[in-house]
Each structure stands twice: as structure tokens, then as C-alpha cells.
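Please treat every number below as a calculation from the coordinates, not as lab data. If you're wondering where the values come from, they're calculated on a predicted model, not measured in any experiment. Every residue, glycine among them, receives a Cβ derived from its backbone with ideal geometry; neighbour counts consider all protein chains shown.
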Amino acid sequence: MGSLPPGSRQPAFLQTLQMRDPVRYFETLRRRHGPVFRMKLLGFPPQVVVANAELAAEIYRTDGDGNRAGALRAGYVSWLGEHSLLTNDGEGWWRHRKLLSPALHGRSIASYPELIAEIAAEDIRKWPIGKPFALRGRMQTITLEIILRLVFGVRDTEQGARLRAGLMALSKASGSPALFLTPARVRAWAETSPLAARLPFLPTTRANRVAKAVDAVLFAEIARRRAEEGEDATDVLGRLLEARDDEGRPLSDHEIRDELLTLLEAGLETTATGLSWTFERLMRSPEVLARLQEEIERGEDDTYLDAVVKEALRSRPVIFGMGRLLDRPLRIGGYLVPAGWVAIPMFSLILHDSAVYPDPGEFRPERFLGDDAKPAQKSFLPFGGGRRYCVGAQLATMEMKVITREVLRHVRLTPADPAPEAQRMWHATLVPGKHAVAVAHRQPLRERPPVVQEPKCPVHPDRSHDGG
Ligand code: HEM
């Protein structure tokens, strides 16, 4: 068979309108057309979507050869610079991936849980008691502080305060809805046109300006850290300064700057959203919450906590799908997809594939325990797959586990409204429609159990990823 996959016959603008509720739209197309279908959205090349892990593997198989992930993201995040892992492909991307991965895996992050727990506890102590508040905002504050301290190594110094203020402003400017809503063509023009650079009200101009202001402080900080020779690196910046490629070459200041901002961009909103959903789901699943509380009180291991976090990422994937721009035609599920199209493993469909996850709408962490764990793990793609799978997956899972445990140690949470929150599109993520509104109740403070075990990759728990 060499035909195109089936798909909607609606004009592109009508298909684009359906993206107000992407989860429902993808589900409708899957029901109508099967596990491989095509879509056309305004401003994007034609797309082919796949809805199960086997078909996703057919796309990931060509990750090293003939498809590009970075090219698709480049237009959105130009302030990350020319070296960013998110926006590059080919040799340059692979060199950076190998240099960056060890700093975010295994032993490099094994000492982080304690500091993460302290950062979370400091924030939780300020939460209102007995009054509704949005957990998402709290999670954004906590995950930002974690990135500032563990990735950038920000300290309580004058220089640290300047860096903190700049990075907070950048994270705000780059997260502006106006920026995301700017159509791809306008954005491409705004990125390159000297006229656009002189129009301060354009969201692209604003984000690039704030990034430039941050650069001055960040380069000074990199220079200061380079001068501190012999200091044992404990944060990601320190490890990047020590990293050497296969030819023994270090990363330049610009390369380090681009990757640090990339980690800020990729690691902040995603983890905060994953945590918001974890609480949104837990508050509405009293039996799961009781079992988790019991495990935390026993303080022995974190097997159930691990399953809870995975189930939260499965039942409410933070990112609904991440595509590859095809450089050459690709055969998927018996169809021939032309070069120039985008092939998308749609996580929101794959993680709700009822052949792998029976009753996919239910929040049931037990899927990731015992005999059920193997198939559940095989299709577990909230962090993507192939060679581009999320380089921060281990750190993100660790953060989610430590923060969830810390919150439940301090307070009892109930939902302000028992109805589940809808999944709303926010940039490339799906966030809880009401920002995970909760009411916190006082409870006796439980003892903090010893640190979570050696961090493992949530996607490939049996493999070492130190080389990427
Ligand atoms: C719950 C939290 C997170 C989720 C759900 C998530 C999800 C993802 C997904 C779906 C991708 C694309 C994978 C693909 O193209 O197949 C990705 C890529 C990436 N993520 Fe994450 N992520 C999370 C947290 C983090 C954190 C904490 C960091 C770093 C501090 C991070 C850094 C990155 C980077 C740099 C990439 C690009 C990798 C490459 O293209 O080689 N992410 N992430």
C-alpha cells in the first residue's frame, strides 16, 4: 500500500478551530479513521498522527536519519540561541545531547532530593489553610526555584539576586500567551526583520530583549564560575563547565548559556503542570490517596509513589504530542507519508490506548505495579521517545515524587469542586482548566522519610542514559 492515511476533509481553518479542545478532537479522529490519520492545521505542514506505541516506534526508528525534531521547534523559541538542544538536529544536536545528558542523570542528581524537599517545604508553609487556592501557581514557584538553584546554581548573593530577577522576567516573557498565539509566519518575519526588532510591543521582540538583558548577568556568572577552578560541581552549570566532548573540547560560554536557558524553558512549566495534575487526580481518588499516605507514613520505599506519578503523567499527559519533520518519505502503518510532512506520536491517544491501559479514563496507579507493569511501561511515552526523548525525564520524575511526598507530609488536600478539571491547551501543554484548585487542611507534620532511592529513568528503567 502506498496511499496517504485517511483524515478529515474539512478545510484547514475548521480543523484548526477544533484545537480548542485538542484531546477530544484527536479522539474523534482516531475513532473515525483508526490509529493512523492525517490533519491539516493553519500555518503548519500537513500532519500524520499515530495513536499507539508500535506505530510511534516506526517514527522514532528514523530519529537518527531522515527526520527532524529541532526544526519544528526553532520558530517558537529563538531566544534560546543557535546551540539549543530543543531546536537543533544532526551532528550539533547529538554532540550537545551527549554533553548535557550526564549532568541530568544518575549520580549527578542523586543528591538533589533533599534540597528539592526543602524548597517545597518552604513554600508549603506559606499556603493558605481552609481557603481555596490554585495549586498550579504554587507548583510554578517551586519548580522555578528548583531550576534556579539546581541548574543555574543561583546563590543568595548580589549577583545571584540579579540573575534570579532576570531569569524570572525571561520565564514570564517567554511564557506570554501573545507570543504563543502569534502565527508562525508573523513570528518568522518578526525573528529576522530589523523593523520588527524596533517594535517593542511585539511579543517576540520583548522575549528577545529580556533574553539579551539576562545574557549580561548570565555570561558574568559563567565567567565567575570558570574562575572558581577546582570547585566540586553540584549544579548543572558546574557540570557543563567540566563536560568534554569525544575530542576533549569543552562547551563555549555561548553553548552553555543556550543550554541553561533551554532547561529553563523545557523544564519549568512541564514539571509544574505534571505536579498540578498529580494533585488534581489524587484529590479525586480517595482510595489512591489513602494508599499513598500509608506508604509515606511507613517511610520504607516509594514504589506506590512512583506508580502514582506515572499514572498522573499517563492519564493527564502534560504534552499532547511531539512531532518530527520528515526529510524523506516514511512508511507508517502501511501508508506512505511524503517528505515535508510532520509525523506525530500523539501521546494523549497512545497513553489512553485501551488495548494497553484498560479503562483508560480511570486513575489507577496499580497499572504500573506487578504483572501489569511491563505492557504499561512499554507504551509509557509522556516524555516522548526515540533519540529525542526528554533529557530531563529523570529529574522531572524525581521532582514530582519528592514534591508530592512533601506536600502530603504537610497538608491534607481536598478539591474546591469535586468535578474533574478539564484539560485546557496552554502553549504546547495541557493544563488543568481551573489550575488545580484545592483547599489545604492542617494535619500533624509527618516525619520526612529518608531520601528517594537512586534516580531511575522513567522511560527506560533498565538502561543507563549517561551517554544520551
Ligand atoms: C513532567 C515534566 C516533563 C515532561 C512531561 C516533559 C516532556 C518532554 C517531551 C514530550 C519532550 C519531547 C520528546 C520528543 O521529541 O520525543 C521533551 C524534550 C525535552 N525536555 Fe522535557 N519534559 C519534562 C521535564 C523536563 C525537565 C525537568 C527538563 C530539564 C530540566 C526537560 C528538558 C527537555 C529538553 C532539553 C528536551 C529536548 C530534548 C532533545 O530534543 O534532545 N524536560 N520533554
Taking only C-alpha pairs under 8 Å that are 6+ residues apart, what is the relative contact order of the range 207-284 in percent?
22
Summing +1 per Lys or Arg and -1 per Asp or Glu among the other residues with Cβ less than 10 Å from TYR112's Cβ gives -2
Gain upon complete extension [LEU445, GLU287; 0.36 nm per residue less C-alpha separation]
54.8 nm
Between GLU366 and ARG9, what length in nm is gained on full extension when 0.36 nm per residue of separation is reduced by their alpha carbon distance?
124.5 nm
Label ARG32 and ALA161 with points 7 Å out from Cα along Cα→Cβ: what is the distance between them in nm?
5.8
How many nm is it between the label spots at GLU118 and LYS98, if each spot is 7 Å from the Cα in line with the beta carbon?
3.6
Assuming R0 = 22 Å, what is the FRET efficiency of PHE219 and SER193, from their Cβ-Cβ distance, to the nearest 0.05?
0.25
Given the options LEU115, SER171, PHE133, identify the residue whose Cα lies farthest towards the positive end of the charge dipole of the range 39-195 (+1 on Cβ of Lys, Arg; -1 on Cβ of Asp, Glu).
PHE133
Put a dot 7 Å past each Cα toward the Cβ at ARG424 and THR141; how far apart are the dots in nm?
2.0
Add +1 for every Lys or Arg and -1 for every Asp or Glu among the other residues with Cβ under 14 Å from the Cβ of GLU421, and state the total.
+3
Least to most buried among MET425, MET322, by other C-beta atoms within 10 Å and fewest first, runs MET425, MET322
From Cα pairs below 8 angstrom and at least 6 apart in sequence, can you work out the relative contact order of the range 69-191, rounded to a whole percent?
22
Relative contact order of the chain, defined on C-alpha pairs under 8 angstrom at six or more residues apart (%)
27
C-alpha center-to-center spacing [the range 376-445, the range 234-265] in angstrom
28
The summed charge of the PRO203 Cβ neighbourhood (under 13 Å; Lys/Arg +1, Asp/Glu -1) stands at +3
Cα-Cα over 30 Å: which of LYS40/LYS98; LYS98/LYS401; LYS98/LYS212?
LYS40/LYS98
Dipole of the chain [Lys/Arg +1, Asp/Glu -1 at C-beta], most positive-end residue of SER8, VAL210, ALA56
SER8
